[in-house]
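The structure appears right after this line, and notes come after that.
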Amino acid sequence: MLWVAAGVAALGFLVGLEVAARRYGLPGPITNQVREVIFPPKSGFLLYGSMALMMVVLTWRQRFIAAGVAIGIDVIVLLARWALGVRITEGHPFGNGALWVILGYAVIAVTRRRGAERVLLLKGVGLGLLLVAGRKAGDTWLLITSKSRPSVLDQYVATADRALGDPSWLAGRIVRATGPVGAHVLELVYGQLAVAAVVVTAYQLRNVATERRFPSHHLVRTFLVIGLLGPAIYMIFPVVGPVFAYGPGASGTGGLHWAVADLWPDTPPPIHAPHPMPYDEITPRNCMPSLHTAWATAIFVHSRKGPRLLRFAGAFWLVATLGATLGFGYHYGADLVAGVVFALTIEAALRSVERGWDRSGIQLVAYGTTVFAALLLSYRYLPVEMARYPWVFGPLLILAMTSVVRGYIRTTKLWDPEVAPVRRPEPQPELA
């Protein structure tokens, strides 16, 4: 019943986004996903990652067959486009095969499976489709923010960011100094965050095929809830980012007409009384909080129980994502602080739901929510004071974030059962 309720809620949410997008004359997440059955997908890597998540319920023989069918379909589609002279100007030339395989297993689950095997296979298909649907829903949310929020609050966040030393301006100069190599590495990490999530989730779900059940909590749950709740904050606190508000925009010239001035990343903005500023109806208002930071934080947290290589990859992805969000001018430092608090609060809430709410869980979630709200209120109503007294407010911001991190670590250590060491049998004397 829980899975049915979750499926109905997800479908209702997607239909609501579809209707909202249509009101602005835009295709919604359902339309965009249906198009990718035939047309080049926006991200082929994401579709293959979704198929990998679906395959956790399959045997190794079935996995090889599914992967081979997906690749074969992609090759056939690619040859058909080449024969018809179809040029791919947007998206990836592959990925349709992976989506066809996921949908094919949905049909197999309904028509060829019974009982617990049908439920397990449908859960695997639902897990793969949820990741794809979450990405499409996020893209639609971003379009809605750009259409429904004509004014942005970048001047408030940029002024408050002086308390942290204008980290986006500093990181932007560092990335520019590293040349194309550093920029390409960070761009790869930033753009393929969902693939990193699939790798960590695949490790967490590695025993599903043998145990025939899913664990009660895994990374995809946190990923989807972050993506569901984050855009609601975008609507409350619309911010486009320093490269758009104080620079030429990501394309080099696109945002200059709407920007305050062409300052990023060479010259930090001057301290003055901020006010809302109009911006175009194209650029997403997707900065506060930084969901890339929140997702990378979730990946880091969930990778801590993996092998050394996975722990190293999780730490690298978090550091590189923070560098990319700042270095490309997509976020302010204040966004990242809020993103960390946002992610840990959601993770604590989901773990509390998994194990049952108790006093420690309620206190941690309430504290994280309070700190997150205090951050947003301070950015909105105290930015000038934060900029004038950076040695006071800068440490306070870091201390607030650190207190949530420390609270999460202390509380979850109490939740995690300690594994008792295996006692070696003592040698017993034998009769000669």
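Consider residue 140 against the criteria (1) in contact (Cβ under 8 Å) with a residue 40 or more places away in the chain; (2) on the phi > 0 side of the Ramachandran plot: it satisfies all of them except one. Which criterion is unmet? Unmet for residue 140, out of (1) in contact (Cβ under 8 Å) with a residue 40 or more places away in the chain; (2) on the phi > 0 side of the Ramachandran plot: (2).
Give the residue, chosen from 320, 324, 294, that is touching a residue at least 24 places away in the same chain (Cβ under 8 Å), within 16 Å of the chain's Cα centre (by Cα) and surrounded by fewer than 22 Cβ atoms within 10 Å (Cβ to Cβ). Unique residue meeting the criteria: 320.
Screening residue 190 against (1) touching a helix residue (DSSP H, G or I) at 6+ places or on another chain (Cβ under 7 Å); (2) more than 22 Å from residue 312 (Cα to Cα); (3) not acidic (Asp, Glu) leaves a single unmet condition, (2).
A quick yes/no check of all residues on (1) open to solvent by 30 Å² or more (accessible area, probe 1.4 Å); (2) in contact with a Pro (Cβ under 6 Å, 6 or more places away or on another chain); (3) modelled with pLDDT under 90:
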{"residue": "43", "(1), (2), (3)": "no, no, yes"}
{"residue": "48", "(1), (2), (3)": "yes, no, no"}
{"residue": "58", "(1), (2), (3)": "no, no, no"}
{"residue": "63", "(1), (2), (3)": "yes, no, no"}
{"residue": "71", "(1), (2), (3)": "yes, no, no"}
{"residue": "80", "(1), (2), (3)": "yes, no, no"}
{"residue": "84", "(1), (2), (3)": "yes, no, yes"}
{"residue": "88", "(1), (2), (3)": "yes, yes, yes"}
{"residue": "91", "(1), (2), (3)": "yes, yes, yes"}
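When the residues of region 274-298 are filtered to those that are among the aliphatic types (A, V, I, L, M) and assigned to a helix (DSSP H, G or I), which remaining residue is farthest from residue 226 (Cα to Cα)?
296
Considering only region 344-360, I want to know if a residue exists there that is open to solvent by 40 Å² or more (accessible area, probe 1.4 Å) and in contact (Cβ under 8 Å) with a residue 40 or more places away in the chain. Yes, the conditions are met somewhere in region 344-360.
The residues on offer are 162, 113, and the sole one that is under 30 Å from residue 388 (Cβ atoms) and either open to solvent by 10 Å² or more (accessible area, probe 1.4 Å) or charged (D, E, K, R) (or both) is 162.
Any idea which of (1) more than 22 Å from residue 159 (Cβ to Cβ); (2) without any contact (Cβ under 8 Å) to a residue 24 or more places away in the chain; (3) outside any helix (DSSP H, G or I); (4) not polar (S, T, N, Q) is the one residue 262 doesn't satisfy? It is condition (1) that residue 262 fails. Only residues that are at pLDDT below 90, assigned to a helix (DSSP H, G or I) and open to solvent by less than 70 Å² (accessible area, probe 1.4 Å) were counted in region 186-200, giving 10.
Look at residue 206 and say whether it is open to solvent by 30 Å² or more (accessible area, probe 1.4 Å), more than 21 Å from residue 160 (Cα to Cα), assigned to a loop (DSSP other than H, G, I, E, B) and not polar (S, T, N, Q). Can you show your working first?
Working: open to solvent by 30 Å² or more (accessible area, probe 1.4 Å): yes; more than 21 Å from residue 160 (Cα to Cα): yes; assigned to a loop (DSSP other than H, G, I, E, B): yes; not polar (S, T, N, Q): yes.
The answer is yes for residue 206.
The values are calculated or read from the model by the stated rules, or taken from the named source; none is laboratory data. Here the structure is a predicted model, which is why all the values come from computation and not from measurement. Every residue, glycine as well, gets a Cβ built from its backbone with ideal geometry; the counts of neighbours run over all protein chains shown. Accessible surface areas use protein heavy atoms only, side chains included; no ligands, DNA or RNA. Shrake-Rupley method; radii C 1.70, N 1.55, O 1.52, S 1.80 Å.
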